[in-house]
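Notes follow the structure.
The values are calculated or read from the model by the stated rules, or taken from the named source; none is laboratory data. Quick caveat, the model's predicted, so the values are computed rather than measured. Don't worry about glycine lacking a Cβ; one is built from the backbone with ideal geometry, like all the others, and counts go over all protein chains shown. What goes into the accessible areas is simple: the full protein's heavy atoms, side chains included, and nothing from ligands, DNA or RNA. Shrake-Rupley method; radii C 1.70, N 1.55, O 1.52, S 1.80 Å.
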Amino acid sequence: MNVISVKNLSKTYEYYKKQSGLWNSVKSLFHREKLFTEAVKNISLEIAEGELVGFLGPNGAGKTTTLKMLSGILYPTSGEATVLGYIPAKRQSAFQKQFALVMGQKNQLWWDLPAMESFLLNKAIYEIPDEQFKNTLAELTELLDIKDILDIQVRKLSLGQRMKCELTAALLHSPKILFLDEPTIGLDVVSQNNIREFLKRYNREKKITIILTSHYMDDVAALCERVVIINFGELIYDGGLRALLDEHVDHKILEVTFTEDQDQNGFAKYGSIKEFTARHVVLAVKKDEAKKVAAEILTTMPVDDILINEVNIDDVIRHIFSAHRKK
Amino acid sequence: MKKYLKIYSILLKNAFSRDAHYRADTITHWITHIIWLGMLYILVDVLFRYTNVIAGWTRPEVFFLMNIFILSQQIFLFFFRDNIYQIPNIITDGKLDSYLVTPANTIFMLVTKQISLRATGRIITQTFLLGWLLFHYNLTISIGNGFILFFLIILGIIIQLAHGLIMNTLSFWWLRIDNINEAWFNFGQTAKYPLTVLPKTLRVLTYTIIPIAYQNFIPVGVGLGKLDFGFIGLTITYTIFLSFLAGQFWNFGLRRYTSASS
Ligand SMILES: Nc1ncnc2c1ncn2[C@@H]1O[C@H](COP(=O)(O)OP(=O)(O)OP(=O)(O)O)[C@@H](O)[C@H]1O
Ligand SMILES: [Mg+2]
């Protein structure tokens with residue numbers, strides 16, 4: 001069953017250059033410079049219940065804008081979106097009780113109060129029954145390991161702890177859909193990993209549908225089987241991450257260290273040379289020839305160490321972005 | 001309804017635990033308030049040195065009018081003013097996003113967000129002062145009129161709220177509203193004095209476009225029997241009208257909301 005269905009969705013921001021000062025404000029009543037940004041262009045996609053989808057795209061691609069339309073913050077300029085059978089922009093509370101939106105860069109908890117107070121406020125806003133609240137809270141605090149920080153003022157928490165509290169606040173009403181805009185931004189590797197593990201598990205156990213945007217490829221690689229790539233507001237890829245890599249990656253990276261100095265010219269025949277110092281070379285070799293080349297180098301040269309690596313996913317994505325731009 | 005009472009009780013509780021840090025602040029505010037009050041009294045006293053009646057109002061009546069004005073302002077501050085003034089920021093920096101995705105009325109959540117406990121001292125002071133004034137000058141108000149006075153003050157506060165909301169909704173179009181808020185605040189101080197000093201045409205404005213008459217002039221006028229009961233009807237009608245208008249205008253502005261790119 002599809003819980004999200006998007007057809008030809010577009011958003012053009014139409015805004016006036018805002019002026020400061022009373023006099024400029026009055027003047028701007030009569031003459032204002034109008035500006036347009038086509039942030040999302042004709043996007044169509046379907047997302048099924050329980051999917052965990054990653055939105056990828058460079059800065060300004062339109063990821064956040066898309067999430068804002070799906071959660072009813074912004075009206076689409078054209079096209080339509082249905083989420084759980086509702087039109088998001090109508091902002092019906094029956095709909096709002098079934099999803100949550102977490103933005104990594106924004107703080108939704110009460111800043112100068114302990115997180116617990118925000119949870120209680122959410123309990124009232126979402127009309128969560130006592131029993132359910134108790135159980136869900138216990139479960140989430142256990143999973144995220146935040147039992148002992150609930151009574152500390154939010155502003156005294158570390159970024160990672162705060163993010164965990166944000167997630168708890170968002171999940172207390174057991175939403176069916178979770179929109180996450182850069183949930184791991186600014187976190188250290190350990191915290192990022194904790195959040196990832198949590199999301200993976202929660203998605204698996206609760207069948208909750210998650211859409212996540214991130215600039216960290218590790219997030220996407222660890223979590224999402226399906227990725228949607230958006231660039232300049234257009235959808236340029238929608239499918240499996242594995243398939244994407246297979247389609248765009250035709251080579252592997254061969255990294256060799258030698259015990260004696262080598263001549264650079266000897267390597268050109270194997271593939272393109274990425275890096276070269278006298279005793280160290282990095283080569284990009286055709287995928288299906290990688291093994292053969294490695295074997296040949298190993299037998300004909302004084303090799304100290306040899307590694308066959310997958311291409312860095314970040315590089316692939318960057319390559320896809322720039323290839324699309326040139327079109 | 002029950003849901004909103006619940007929400008409000010949580011907000012109230014939070015205001016207390018948060019404001020505990022600002023106790024000292026409350027006392028400074030209270031002292032400045034007392035000094036300011038004293039100066040105001042001296043001014044009015046000077047005015048009445050040469051006459052017994054100004055624009056149909058006697059000295060005790062003017063004192064009473066002023067104190068109701070201050071009380072009304074402080075109650076408005078206690079519940080709403082800071083929240084209203086924050087709306088432009090919430091709109092321009094995109095904080096409104098989180099209000100728009102939660103299943104609770106956006107306007108309610110915006111105008112009740114914080115409670116300004118710092119006004120408590122002043123509200124108590126004003127209440128005592130009013131009691132003392134009634135006693136000292138032998139002003140008599142029947143229980144019925146007292147009730148009407150109280151009721152009209154509350155409607156006056158709702159009118160201030162609706163008006164403030166309309167002004168600040170303008171920030172869907174304009175970047176900064178604080179100078180308008182400030183101008184309005186200063187202008188609103190005129191309401192301390194009997195509006196009968198204004199020429200009739202100007203006075204009509206204070207009932208309509210610049211609705212300052214509802215804060216204290218009409219409540220006190222009716223309460224002291226200086227204005228007829230028709231003004232009660234006027235106040236009720238205007239409260240409903242302005243609240244409705246504020247809601248509609250908000251929804252209209254909201255269509256322009258573009259959030260902020262974050
Ligand atoms: N409130 C706004 N008003 C005007 N233009 C906006 C607004 N929000 C975003 N934009 C513009 O729309 C485009 C898409 O922005 P959006 O925030 O959706 O990108 P994004 O993919 O989330 O980028 P990032 O990775 O940097 O978060 C950008 O060109 C941005 O400048
Ligand atoms: Mg973004």
Total residues in segment B:83-98, condition open to solvent by 10 Å² or more (accessible area, probe 1.4 Å), more than 18 Å from B:Ala246 (Cα to Cα) and either in contact with a Lys or Arg (Cβ under 9 Å, 6 or more places away or on another chain) or modelled with pLDDT of 95 or more (or both): 4
Output yes when any residue across segment A:77-87 is under 23 Å from the mean Cα position of the chain (by Cα), within 28 Å of A:Met1 (Cα to Cα) and within 13 Å of ligand 2 (Cβ to nearest atom), and no when none is. no
Filter segment A:110-147 for residues that are in a helix (DSSP H, G or I), closer than 20 Å to A:Ala94 by Cα and in contact (Cβ under 8 Å) with a residue 40 or more places away in the chain and give the result. A:Phe119, A:Asn122, A:Lys123, A:Gln132
Options A:Lys11, A:Lys34, A:Lys97; residue that is under 27 Å from A:Ala323 (Cα atoms) and either surrounded by fewer than 22 Cβ atoms within 10 Å (Cβ to Cβ) or within 16 Å of ligand 1 (Cβ to nearest atom) (or both): A:Lys11
Hits in segment B:83-115 - residues which are out of contact with any Ser or Thr (no Cβ under 6 Å at 6 or more places or on another chain) and β-branched (Val, Ile, Thr): B:Ile84, B:Ile87, B:Ile90, B:Thr92, B:Thr102, B:Thr106, B:Ile107, B:Val111, B:Thr112, B:Ile115
When B:Ala119 is run through (1) within 14 Å of another protein chain (Cβ to nearest Cβ); (2) within 21 Å of B:Ala162 (Cβ to Cβ), the failure sits at (1)
If I filter segment A:59-73 down to residues being of a type in the set (Ser, Thr, Tyr) and more than 6 Å from ligand 1 (Cβ to nearest atom), which single residue comes out as farthest from the other protein chains (Cβ to nearest Cβ)? A:Thr66
Exactly one of B:Val220, B:Val204 is within 17 Å of B:Ala55 (Cβ to Cβ) and modelled with pLDDT of 95 or more, and that residue is B:Val220
Could we say that A:Thr257 is modelled with pLDDT of 90 or more and open to solvent by less than 60 Å² (accessible area, probe 1.4 Å) here? yes
Please pick out the residue among B:Ile87, B:Ile7, B:Ile34 that is in a helix (DSSP H, G or I) and within 28 Å of B:Gly146 (Cα to Cα). B:Ile34
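Do we have any residue at all in segment B:109-119 that's out of contact with any Asp or Glu (no Cβ under 9 Å at 6 or more places or on another chain) and either at pLDDT below 90 or basic (Lys, Arg) (or both)?
Within segment B:109-119, one or more residues are out of contact with any Asp or Glu (no Cβ under 9 Å at 6 or more places or on another chain) and either at pLDDT below 90 or basic (Lys, Arg) (or both).
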Among the residues of segment A:280-300, are any in a loop (DSSP other than H, G, I, E, B) and outside the structural domain of A:Asp219 (by TED's automatic domain parsing)? no
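Can you pull out the helices (runs of 4 or more DSSP H) entirely within segment B:121-217 that have at least 2 residues that are touching a Ser or Thr at 6+ places or on another chain (Cβ under 6 Å)?
Here the list reads B:143-169.
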Among the numbered conditions (1) modelled with pLDDT of 95 or more; (2) within 16 Å of ligand 2 (Cβ to nearest atom); (3) within 12 Å of chain B (Cβ to nearest Cβ), tell me where A:Gly54 comes up short. (3)
Select from segment B:179-207 the residues that are within 14 Å of chain A (Cβ to nearest Cβ) and over 17 Å from the mean Cα position of the chain (by Cα) and list them in ascending order. B:Asn179
Which residue out of A:Thr82, A:Thr37 is touching a residue at least 12 places away in the same chain (Cβ under 8 Å), within 10 Å of chain B (Cβ to nearest Cβ) and not charged (D, E, K, R)? A:Thr37
Considering only strands (runs of 3 or more DSSP E) fully contained in segment A:178-247, which possess at least 1 residues that are open to solvent by 10 Å² or more (accessible area, probe 1.4 Å) and more than 16 Å from ligand 2 (Cβ to nearest atom)? A:226-231, A:234-240
